[in-house]
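Structure first, then comments.
The values are calculated or read from the model by the stated rules, or taken from the named source; none is laboratory data. Note that the coordinates shown come from a computational prediction; the quantities given were computed from them, not determined experimentally. All Cβ positions, even for glycine, are placed from backbone atoms using ideal geometry, and neighbour counts span all protein chains on display.
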Amino acid sequence: MDSMKRHGLLFAAALALLLVRPAPACAISFFTPVYKKEAATCAEALEKKNFSAAIAAGQQAVEAKGDYFESRHCLGRAYAGAGMTAKAMEQLRAALPLADTPNQTMVLNSDLGQLLQKEKDYVKALERYDTALAYAIVTQDMRTRGLTLANMASLFRERGEIEKALEYYRRAVDEGEVAAAGTALNNMGTILFDKKDYADALDAYSRAAVLGERLKNPLTAGIALLNTGNVLLAQLDFAGAEAKLTQGLAKIKSAKDGYWEAAANEYFGRLYIALGDTAKAKVSFTTARDGYRANRYEYEAQQMELRLRELDAAPPASAPPGGVTVEPLPR
């Protein structure tokens, strides 16, 4: 499996589409100007992740009035969601001089930081994140503060600055909103797993699981349990791994998250390979493939196809292997 692509997905998930929410739609009446109506329509479509509709409405809003912050911001975010990075940055930069509140300036800098990070312009991305973080500290916005620190951690991870990444994830946990700490803890655990620092990885995952339970967030708890099972699998504790994976899958099912249910089946496939049970591994990888595909994660589905072909080509295992190659799944 392509580890770099998996890591790319892992840390993309920490990036702040969570940070930036569309502005609430203003009340629409017969007398509302066209640009405000279209900006509100853009925000509603963006909330539903209907990027094509958001782009269409955002373009009309900008054409009607080019110096309205909400129009430029929404259109930029819509372009970003559709993967049109250059156009997104153009609109967000045009929105900067239109920002008239600290929150607007903070959000724009966070947005631009994410896009610059995506383009691997790490120096400029950090400048934007630093500005967003400064505004978050001044305005006492713990949510944005924590998520910006997590974004910075992901950037340091991409640059190979592992210790710095861990430092910033720890800061995200300590300084950010409690509700977002589970993601940072899961990502910390993944970095520690990569370092083969299994004891600290298990501690991070355990804290994430406890937090998920306390906040009644079965998805956070379920992911942490799956990751815990993955560490135990690397340590050849097959019984412990199976128990944690079973608990994690139950949590994921209660959260009704199709992607992570597929991921749980992938984890089980790895476990069965380690146990030498090819038949069960095939069933798990097939279920994972179908789940990924149903949720439009084609890259992951193709990886499961490769696993299945490898199993078909390999001779039947006569005994469990001494170990198994494992890697953390994206958070």
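Scanning segment 77-118 for residues that are among the polar types (S, T, N, Q), buried (at least 21 other Cβ atoms within 10 Å of the Cβ) and not assigned by TED's automatic domain parsing to the domain that holds Ala61 returns Asn109, Ser110, Gln114, Gln117. Candidates Tyr198, Tyr168: the one that is among the hydroxyl-bearing types (Ser, Thr, Tyr) and either modelled with pLDDT under 95 or not assigned by TED's automatic domain parsing to the domain that holds Leu226 (or both) is Tyr168. Out of all the residues in segment 232-253, is one or more closer than 17 Å to Asp312 by Cα, β-branched (Val, Ile, Thr) and part of a helix (DSSP H, G or I)? Checking segment 232-253: not a single residue is closer than 17 Å to Asp312 by Cα, β-branched (Val, Ile, Thr) and part of a helix (DSSP H, G or I). If Gln117 meets every condition in (1) of a type in the set (S, T, N, Q); (2) within 27 Å of the chain's Cα centre (by Cα); (3) over 24 Å from Ala150 (Cβ atoms) apart from one, which number is that one? Of the numbered conditions (1) of a type in the set (S, T, N, Q); (2) within 27 Å of the chain's Cα centre (by Cα); (3) over 24 Å from Ala150 (Cβ atoms), the odd one out for Gln117 is (3).
Residues in segment 211-254 that are free of Cβ contacts under 8 Å to residues at least 40 places away in the same chain, farther than 21 Å from Met188 by Cβ and of a type in the set (A, V, I, L, M): Ala239, Ala243, Leu249, Ala250.
As a summary of the residue check, Asp130 satisfies the conditions (1) crowded, with 18+ Cβ neighbours inside 10 Å; (2) closer than 19 Å to Tyr168 by Cα except for the one numbered (1).
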